[in-house]
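Novice: Structure in C-alpha cells, see below.
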Amino acid sequence: MAGRRGFMERPKALTASIVLGLGAVSFALWLLVMSPGTVVAEGGGANSAWSDDFDMSSGMVRAEGGGANSAWSDDFNGGALNSKFWVVSNGSAPGAISKQHQGYFTPANVSVSNGYLVLKLTQQTGTVGTNSSGVISYGGQVRSRRTYGYGTYTWTMRMSSTASTPTGTGSADSGSVSAGFTYVNNSRTEIDFEFPADSIDTLYLVNWLNPNPAANPSPNDETYSTMAGLKVADAFHTYKFVWQPGRIDYFVDGSFQVSHTTNVPSAPAYFLMNHWGTDSTNWGGPATVGDTRYLYIDSVSYSP
Ligand SMILES: [Ca+2]
C-alpha cells in the first residue's frame with residue numbers, strides 16, 4: 001500500500017477547487033452560514049434558541065475565551081450534537097454553476113447516530129436559473145462556535161461513500177467533496193483534509209493563507225499535497241495536522257506524511273467538517289443524481 005502513495009507539493013491549478021473559498025460565491029456563502037437567520041441549533045428542532053458572541057469581521061476573530069485555548073474533543077457518542085459547541089449550517093453550499101448546479105447545506109442531512117456524526121449528501125434534478133434540468137445538491141456542514149489557533153487538529157472519519165452504515169460496504173460516487181478542515185474569513189486561514197470524489201482514492205492535504213480577505217484568495221495563496229492509495233471512502237482513518245507558526249505537519253493514522261511551510265496561516269479559525277455536492281469536471285466531478293452518500297465522523301479533537 002505504501003508504495004502506491006506519493007506526494008506533490010505545488011500550487012494547485014484549480015481556482016475553483018477550494019472548500020468555502022470559491023471567490024465571490026465563497027464569501028457570500030460564509031456570510032450566509034454565519035447569519036443568525038440561517039444557523040440553527042442541532043437537537044432541539046429548527047426553531048431552537050441559540051446565541052453567538054463572536055464577530056466575523058477581519059481582525060476581530062478571537063481565540064477561545066474563558067480558558068484561553070483549552071483542549072477539547074467530541075466522540076459524538078451522545079444522542080445529539082452539542083449545540084452549545086457546534087453550529088449546523090443552513091444555506092448555500094459551494095459548487096454553484098450558473099444554470100447548471102446549485103448546492104445547499106441543510107440541517108436535515110446532519111445527524112448523530114450510534115456514535116457517529118453523519119453528513120448526508122443527495123443530488124437531484126431541478127431548476128437552476130432558467131434550466132429546468134439542472135442539478136440541485138443537498139449536503140451537510142457542522143462548524144465549531146468558536147475559533148482555535150495553533151495546535152493539533154484531528155478527525156477520525158470515513159470520507160464520502162454510498163455506504164448507508166458506518167462500516168457497511170460502499171464506494172465513492174462522482175459529484176462530491178468531503179472534508180475536515182479549519183476556515184475563517186475568506187480563507188484568511190484554511191487548512192484541509194479534502195476528498196474530491198472524482199479523484200478516486202486521492203486525499204488532498206491543503207492550506208491557504210489569504211493575506212487580504214477583503215479580496216478573494218488567489219491560486220498563489222494555496223499549498224497542497226496529494227496522497228493516494230488510502231481507501232478514504234472504504235474505511236475510517238485518522239487525519240491530523242499540527243499547525244504552528246510557519247509550518248503545518250500532516251499525519252494519517254499516526255504516520256507523518258508531509259510538512260508545508262508556505263502559505264501557512266496564523267489567524268484562529270473555525271473547526272469544520274462538510275459534505276457537499278458538485279457537478280464539475282474541475283473538482284468533485286459530475287453529479288451522480290439519485291445516489292445518497294454519507295460522510296461518517298467518529299470523533300474529532302483539538303489541543304493547543
Ligand atoms: Ca464516536
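The values are calculated or read from the model by the stated rules, or taken from the named source; none is laboratory data. Computed from a predicted model, the values in this text were never measured in an experiment. Note that we place each Cβ from the backbone using ideal geometry, even for glycine, and neighbour counts take in every protein chain shown.
Residues checked against (1) surrounded by 16 or more Cβ atoms within 10 Å (Cβ to Cβ); (2) under 25 Å from Thr167 (Cα atoms); (3) touching a residue at least 12 places away in the same chain (Cβ under 8 Å):
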site	(1), (2), (3)
Val206	yes, no, yes
Asn210	yes, no, yes
Asn216	yes, no, yes
Asn220	no, no, yes
Lys240	yes, yes, yes
Gln244	no, no, yes
Arg247	no, no, yes
Asp253	no, yes, yes
Val258	yes, no, yes
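Novice: From Val87, Val112, grab the single residue that is of a type outside the set (Ser, Thr, Tyr), within 16 Å of the ligand (Cβ to nearest atom) and in a strand (DSSP E or B).
Specialist: Val112
Novice: Can Asp198 be described as assigned to a strand (DSSP E or B), more than 25 Å from Asn77 (Cβ to Cβ) and either at pLDDT below 95 or among the acidic types (Asp, Glu) (or both)?
Specialist: For Asp198, the condition - assigned to a strand (DSSP E or B), more than 25 Å from Asn77 (Cβ to Cβ) and either at pLDDT below 95 or among the acidic types (Asp, Glu) (or both) - is not met.
Novice: Report every pair of residues separated by at least 6 positions or lying on different chains whose Cβ atoms are under 7 Å apart, first residue within region 283-302 and among the polar types (S, T, N, Q), second in a strand (DSSP E or B) and within 16 Å of the ligand (Cβ to nearest atom).
Specialist: Ser299/Ser73; Ser299/Asp74; Ser299/Thr156; Ser301/Trp72; Ser301/Ser73; Ser301/Thr154
Novice: Now for a different question. Checking His237 against (1) more than 16 Å from the ligand (Cβ to nearest atom); (2) over 15 Å from the mean Cα position of the chain (by Cα), only one condition comes out false. Which one?
Specialist: (1)
Novice: Further question: Kindly indicate the residue of region 262-296 that is under 11 Å from Leu121 (Cα atoms) and surrounded by fewer than 18 Cβ atoms within 10 Å (Cβ to Cβ) and also farthest from the ligand (Cβ to nearest atom) among those meeting that condition.
Specialist: Looking at the filtered set, the residue picked out is Val289.
Novice: Give the residue, chosen from Ser299, Ser303, Ser259, Ser255, that is within 16 Å of the ligand (Cβ to nearest atom) and closer than 23 Å to Gly149 by Cα.
Specialist: Ser299
Novice: Take region 53-84 and flag every residue that is modelled with pLDDT of 50 or more and in a strand (DSSP E or B).
Specialist: Trp72, Ser73, Asp74
Novice: Turning to a different aspect of this structure: Go through region 116-135 and give me each residue that's hydrophobic (A, V, I, L, M, F, W, C) and either in contact (Cβ under 8 Å) with a residue 60 or more places away in the chain or within 16 Å of the ligand (Cβ to nearest atom) (or both).
Specialist: Leu117, Val118, Leu119, Leu121, Val135
Novice: Right, another one. Does Ile191 satisfy being within 16 Å of the ligand (Cβ to nearest atom), in contact (Cβ under 8 Å) with a residue 60 or more places away in the chain and either in a strand (DSSP E or B) or not β-branched (Val, Ile, Thr) (or both)?
Specialist: Considered against the rule, which asks whether it is within 16 Å of the ligand (Cβ to nearest atom), in contact (Cβ under 8 Å) with a residue 60 or more places away in the chain and either in a strand (DSSP E or B) or not β-branched (Val, Ile, Thr) (or both), Ile191 comes out as no.
Novice: Could you please let me know if Thr147 is surrounded by fewer than 17 Cβ atoms within 10 Å (Cβ to Cβ), modelled with pLDDT of 95 or more and part of a strand (DSSP E or B)?
Specialist: No: the conditions fail for Thr147.
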